[in-house]
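**Student:** Pasting in a structure now, in structure tokens, and then I'll have a few things to ask.
The values are calculated or read from the model by the stated rules, or taken from the named source; none is laboratory data. Note that the structure is predicted; figures quoted are calculated from it, not measured. As a convention, Cβ positions derive from the backbone with ideal geometry for all residues, glycine included, and neighbour counts pool all protein chains shown.
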Amino acid sequence: MNTLKLYLRSMGMLLKSHLQYPASFFMQTIAQLVMEGGEMMVVILIVDRFEQLNGWTGGNLFFFFGVMSVSFYITEFFGRGVTGDFPAMVRTGKLDTLLLRPRGILTQVLCSGVDPRRITCIAVGVAALVMGSTLSGVEWSFLKALALFEAICMSCMLILGLFLIEAVFTIHSVKSVELVNALTYGGRSACQYPVDIYPAPLRVLFTVVAPFALTQHVPAAYILGKPLYGWPGWTAFVTPLSGAAVFCIMTILFNRGMRFYRSTGS
Amino acid sequence: MRAYLSVFRMRLRMETQYRGAMIGGILCQMFFGLVLVALYRALYAGKPQALPIEHVTTYVWLQQAFFRMLLSSDPDLLDKIRSGNISYDMCRPVNMYWFYYARIAAQKMMGSLMRGIPMLILAFLLPKGWGLMLPASVPGLVMAVIALALGLLCICALENITMGFTMLTLDPRGMQGVLNLLMITFSGNLLPLTLFPDSWQRVITALPYAQLLDAPIRLYTGEYDVAYAPGIIGLQAGWTAVLVAFGMWMWSTNRKRMIVQGG
């Protein structure tokens, strides 16, 4: 509980410091809005030209897009320490100071960064979710809302876990490894669309290695009433747990990696 | 003129230094390209379009290959603007605009060629319908290369305008973010311009952003007939001249009202 309190306090402090330069903050937030709005526009233009994608209607596609952008940007908002700052912390030796304090390293890394500019990206995602569910005529029930909530929470854990892969590589090699971006940012762009449109190798990658399909597409398809691969309804509540599994595995590997951490000395 | 050429050559050599990081970058970009190609193939399977799928995949690969040309800025200049060290540059006996124009041109050219050529070779080896197709004709290829060179000149002028805004606001992230997004959207990086609604085509292909990569790609795929090439190249040159003039005006006004961040 203490840890949670610590996290919330650091978030509060960091938010305050971000808001010290309101004009700059405002501009950056607008830039983020334009960025995510552009991504959304691409989906709209694709739907306008092609109408449907492997049986998914335009509304369905907006819904999938919304689930991805909400979960990806919530992670970037609250997990900035892992998703953005960590490689620099290793390179500059800032991580050393964390080793002196009586708290877990991962907790402190998470406490060290927040990115409130992402709020507009999340807003675009929410708009896509609303638009998608209205257009697809989703009849909301408690179970469906629960499935959406679980999908988003578990996707956030999955995304954090994937960024931790990069962190572990960084601990060992100091340099950040660009190739991991294929899983994180690549996963985001690829899995904005339901996984069943892709050829088998990509499907396997995003089901087994980086299970976006399990954390997002199975529950989203259940909510839309078009089960992915015809899987039964209860799977929508079980498969997202793979996100938590990835996060747990990566946390263990991260802590193990920290044992080999050598400061850059600067 | 000699001074700018030697700056250009120095930056070219500088760009060839980081080869390790490049391989990771190429593989990553290849992966993004494959995902996009798979997406467009799935879309085409549902509703084939007048434009053949080979043109779309070629478009995707050329865009991915020259991505570094679109999004890369001079890190030293950004630092100098923030720290105030830009005042040293004012002491140099050269025109600041062209000095940085030569630097960014070299950086964008070498950066994109070093990544682009290996990527295009790899993309060319992919099976039909997935990879890069051969150019429509030899004159088309020649015109596409000329248009690409002009596109480079145009993008450097745009980059200097973005830098001009950074000099005003000192914080690169806001305005630069918006301008870069406009660029990657309307240059066809997010979605090929050929797949934008047909009614938009006349407007978006006339914008400066379409001159960077879209025009060369369309000459390569044969969507623009070689007979129209002089007109297209004229449009590119026209935009470049306008953007350079605007950028030079911005930089000289900024110079007069510049407040150096002392340190």
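**Student:** Given the conditions (1) over 19 Å from the mean Cα position of the chain (by Cα); (2) within 11 Å of chain A (Cβ to nearest Cβ), which single one is not true for B:A229?
**Tutor:** Of (1) over 19 Å from the mean Cα position of the chain (by Cα); (2) within 11 Å of chain A (Cβ to nearest Cβ), only one is false for B:A229: (2).
**Student:** Could you check, for the range A:157-174, whether at least one of its residues is surrounded by fewer than 21 Cβ atoms within 10 Å (Cβ to Cβ) and not in a helix (DSSP H, G or I)?
**Tutor:** Checking the range A:157-174: at least one residue is surrounded by fewer than 21 Cβ atoms within 10 Å (Cβ to Cβ) and not in a helix (DSSP H, G or I).
**Student:** May I ask you to list the residues in the range B:50-96 that are within 16 Å of B:L152 (Cα to Cα) and either in contact with a Phe, Trp or Tyr (Cβ under 9 Å, 6 or more places away or on another chain) or part of a helix (DSSP H, G or I) (or both)? Steps first, please.
**Tutor:** Residues of the range B:50-96 that are within 16 Å of B:L152 (Cα to Cα), as a first pass: B:62-74.
Passing the criteria: B:L62, B:Q63, B:Q64, B:A65, B:F67, B:R68, B:M69, B:L70, B:D74.
**Student:** On the given criteria, is A:G55 touching a residue at least 60 places away in the same chain (Cβ under 8 Å), touching an Asp or Glu at 6+ places or on another chain (Cβ under 9 Å), at the interface with chain B (Cβ under 9 Å from one of its Cβ atoms) and over 21 Å from A:P240 (Cα atoms)? Walk me through how you get there before you give the answer.
**Tutor:** Values: touching a residue at least 60 places away in the same chain (Cβ under 8 Å): yes; touching an Asp or Glu at 6+ places or on another chain (Cβ under 9 Å): yes; at the interface with chain B (Cβ under 9 Å from one of its Cβ atoms): yes; over 21 Å from A:P240 (Cα atoms): yes.
Yes.
**Student:** Sort through A:S17, A:S24 and tell me the only one that's without any contact (Cβ under 8 Å) to a residue 40 or more places away in the chain and in contact with an Asp or Glu (Cβ under 9 Å, 6 or more places away or on another chain). Explain how you work it out, then say what you get.
**Tutor:** Working: A:S17 fails: in contact with an Asp or Glu (Cβ under 9 Å, 6 or more places away or on another chain).
Answer to the selection: A:S24.
**Student:** Continuing with the same structure: Is there any pair linking a residue in the range A:141-153 that is among the acidic types (D, E) to one that is surrounded by 20 or more Cβ atoms within 10 Å (Cβ to Cβ), with Cβ under 6 Å and at least six apart or on different chains, and which?
**Tutor:** A:E150/A:P240
**Student:** Would you tally the residues in the range B:154-202 being within 11 Å of chain A (Cβ to nearest Cβ), under 14 Å from the mean Cα position of the chain (by Cα) and within 25 Å of B:M248 (Cα to Cα)?
**Tutor:** Of the residues in that region, 7 qualify.
**Student:** Still on this model: Tell me the residue from A:S69, A:S133 that is closer than 23 Å to B:L181 by Cβ, modelled with pLDDT of 90 or more and surrounded by 15 or more Cβ atoms within 10 Å (Cβ to Cβ), please.
**Tutor:** Working: A:S133 fails: closer than 23 Å to B:L181 by Cβ.
Exactly one of A:S69, A:S133 is closer than 23 Å to B:L181 by Cβ, modelled with pLDDT of 90 or more and surrounded by 15 or more Cβ atoms within 10 Å (Cβ to Cβ), namely A:S69.
**Student:** Return yes when A:A244 is closer than 28 Å to B:L39 by Cβ, surrounded by 13 or more Cβ atoms within 10 Å (Cβ to Cβ) and touching a residue at least 12 places away in the same chain (Cβ under 8 Å) and no when it is not.
**Tutor:** Working: closer than 28 Å to B:L39 by Cβ: no; surrounded by 13 or more Cβ atoms within 10 Å (Cβ to Cβ): yes; touching a residue at least 12 places away in the same chain (Cβ under 8 Å): yes.
Taking the combined requirement at face value, the residue does not satisfy it.
**Student:** Scanning the range B:3-25 for residues that are under 28 Å from B:T58 (Cβ atoms) and surrounded by fewer than 19 Cβ atoms within 10 Å (Cβ to Cβ), which turns out farthest from the other protein chains (Cβ to nearest Cβ)?
**Tutor:** Step one: filter the range B:3-25 for residues under 28 Å from B:T58 (Cβ atoms), giving B:12, B:15-16, B:19, B:21-25.
Within this subset, residues satisfying the condition of being surrounded by fewer than 19 Cβ atoms within 10 Å (Cβ to Cβ) are B:12, B:16, B:19, B:21-24.
On the way: B:L12: 23, B:T16: 18, B:R19: 13, B:A21: 7, B:M22: 10, B:I23: 9, B:G24: 4 Å.
Once the filter is applied, the top-ranked residue is B:L12.
**Student:** Among the residues of the range B:203-219, what is the count of those that are surrounded by fewer than 20 Cβ atoms within 10 Å (Cβ to Cβ), away from chain A (no Cβ under 13 Å) and over 19 Å from B:N160 (Cα atoms)? Step through it out loud before you land on a result.
**Tutor:** Pass one, the range B:203-219, residues surrounded by fewer than 20 Cβ atoms within 10 Å (Cβ to Cβ): B:203-204, B:206-207.
Those still in the list that are away from chain A (no Cβ under 13 Å) too: B:203, B:206-207.
Filter again for over 19 Å from B:N160 (Cα atoms), leaving B:203, B:206.
The number of residues fulfilling the criteria is 2.
**Student:** Whether any residue in the range A:5-24 is buried (at least 22 other Cβ atoms within 10 Å of the Cβ), within 14 Å of chain B (Cβ to nearest Cβ) and closer than 18 Å to B:L181 by Cβ is what I want to check. Explain how you work it out, then say what you get.
**Tutor:** Keep residues of the range A:5-24 that are buried (at least 22 other Cβ atoms within 10 Å of the Cβ), which gives none.
No, because not a single residue in the range A:5-24 is buried (at least 22 other Cβ atoms within 10 Å of the Cβ), within 14 Å of chain B (Cβ to nearest Cβ) and closer than 18 Å to B:L181 by Cβ.
**Student:** Here's something else I'd like to know. Do we find that A:T92 is under 22 Å from A:I105 (Cβ atoms) and of a type in the set (V, I, T) in this structure? I'd like the intermediate steps shown before the answer.
**Tutor:** Details: under 22 Å from A:I105 (Cβ atoms): yes; of a type in the set (V, I, T): yes.
Judged against the criteria, A:T92 is a match.
**Student:** Sticking with this one: Out of the range A:189-205, which residues are surrounded by 23 or more Cβ atoms within 10 Å (Cβ to Cβ), more than 7 Å from chain B (Cβ to nearest Cβ) and not in a loop (DSSP other than H, G, I, E, B)? Quick ask: steps written out before the conclusion?
**Tutor:** To start, the set of residues in the range A:189-205 that are surrounded by 23 or more Cβ atoms within 10 Å (Cβ to Cβ) comprises A:190-195, A:198.
Still in the list and also more than 7 Å from chain B (Cβ to nearest Cβ): A:191-192, A:194-195.
Result: A:V195, single match.
**Student:** Scan the range B:167-191 residue by residue and report those that are in a helix (DSSP H, G or I) and either farther than 30 Å from B:H55 by Cβ or in contact with a strand residue (DSSP E or B) (Cβ under 6 Å, 6 or more places away or on another chain) (or both). Break it down into steps so the answer makes sense when it comes.
**Tutor:** Of all residues in the range B:167-191, those in a helix (DSSP H, G or I) come to B:167-169, B:173-186.
Scanning the range B:167-191 gives B:M167, B:L168, B:T169, B:R173, B:G174, B:M175, B:Q176, B:G177, B:V178.
**Student:** Which one of B:M110, B:M133 is in contact (Cβ under 8 Å) with a residue 40 or more places away in the chain and touching a Lys or Arg at 6+ places or on another chain (Cβ under 9 Å)? Explain how you work it out, then say what you get.
**Tutor:** Numbers: B:M133 fails: touching a Lys or Arg at 6+ places or on another chain (Cβ under 9 Å).
Step by step, each of B:M110, B:M133 is checked, and only B:M110 is in contact (Cβ under 8 Å) with a residue 40 or more places away in the chain and touching a Lys or Arg at 6+ places or on another chain (Cβ under 9 Å).
**Student:** Report yes if some residue within the range A:103-119 is farther than 30 Å from A:V174 by Cβ and under 15 Å from the mean Cα position of the chain (by Cα); otherwise report no.
**Tutor:** Of the range A:103-119, the ones farther than 30 Å from A:V174 by Cβ are A:119.
Keeping just the survivors that are under 15 Å from the mean Cα position of the chain (by Cα) gives A:119.
Yes, the conditions are met somewhere in the range A:103-119.
Yes or no, residue by residue, for (1) more than 17 Å from B:L34 (Cα to Cα); (2) modelled with pLDDT of 90 or more; (3) not hydrophobic (A, V, I, L, M, F, W, C):
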site	(1), (2), (3)
A:R118	yes, no, yes
A:A127	yes, yes, no
A:G137	yes, no, yes
A:E150	yes, yes, yes
A:S155	yes, yes, yes
A:F163	yes, yes, no
A:K175	yes, no, yes
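**Student:** Additional query: In this structure, is A:L33 more than 9 Å from chain B (Cβ to nearest Cβ) and part of a helix (DSSP H, G or I)?
**Tutor:** On the way: more than 9 Å from chain B (Cβ to nearest Cβ): yes; part of a helix (DSSP H, G or I): yes.
It is true that A:L33 is more than 9 Å from chain B (Cβ to nearest Cβ) and part of a helix (DSSP H, G or I).
So that you can scan it fast, the table gives a plain yes or no per residue for (1) crowded, with 20+ Cβ neighbours inside 10 Å; (2) charged (D, E, K, R); (3) without any contact (Cβ under 8 Å) to a residue 24 or more places away in the chain:
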| position | (1), (2), (3) |
| --- | --- |
| B:V142 | no, no, yes |
| B:L148 | yes, no, no |
| B:C156 | yes, no, no |
| B:D171 | no, yes, yes |
